[in-house]
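The values are calculated or read from the model by the stated rules, or taken from the named source; none is laboratory data. This structure is a prediction, so every number in the text was calculated from the model and none was measured. All Cβ positions, glycine included, derive from the backbone under ideal geometry; neighbour counts span all protein chains shown.
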Amino acid sequence: MGKGVKSKAKFICYYLLNTGEICNRRSTRPEGCRSHFKCEMRWLCTTCGKSIKIDKPSEIDNGLCSYYNKSNYQIRHVNRLQKKARQLDQVYERLVAQPR
């Protein structure tokens, strides 16, 4: 910039990059700089610190990245299968215990 010229930028871009750093470019828009004003906002995974998108369905909105959510889904699926197996065992035991 030339001498005596004031910058028009009033805002700083707070877009979270994939590296986990903030963009910090000057901007005239409150939404972000020219590269990031249309991008979706992100936050950090609570476990590993990887940046993730905010617009997740409400049942997944737990602050974890896809890697850690996948392990949660696997645990839930296994628990669901075990519960179903226990229920079937109980039904089978009732059928066997009934006198004919």
- line: Of the residues in region 59-100, those that are part of a loop (DSSP other than H, G, I, E, B) and touching a Cys at 6+ places or on another chain (Cβ under 9 Å) come to GLY63, LEU64, CYS65
- line: Condition set closer than 23 Å to SER66 by Cβ and more than 18 Å from the chain's Cα centre (by Cα), scope region 15-45, selection modelled with the highest pLDDT: answer is CYS23
- request: Go through the residues of region 55-76 one by one and say whether even a single one is surrounded by fewer than 11 Cβ atoms within 10 Å (Cβ to Cβ), more than 30 Å from LEU17 (Cβ to Cβ), at pLDDT 70 or above and not assigned by TED's automatic domain parsing to the domain that holds HIS36.
  value: yes
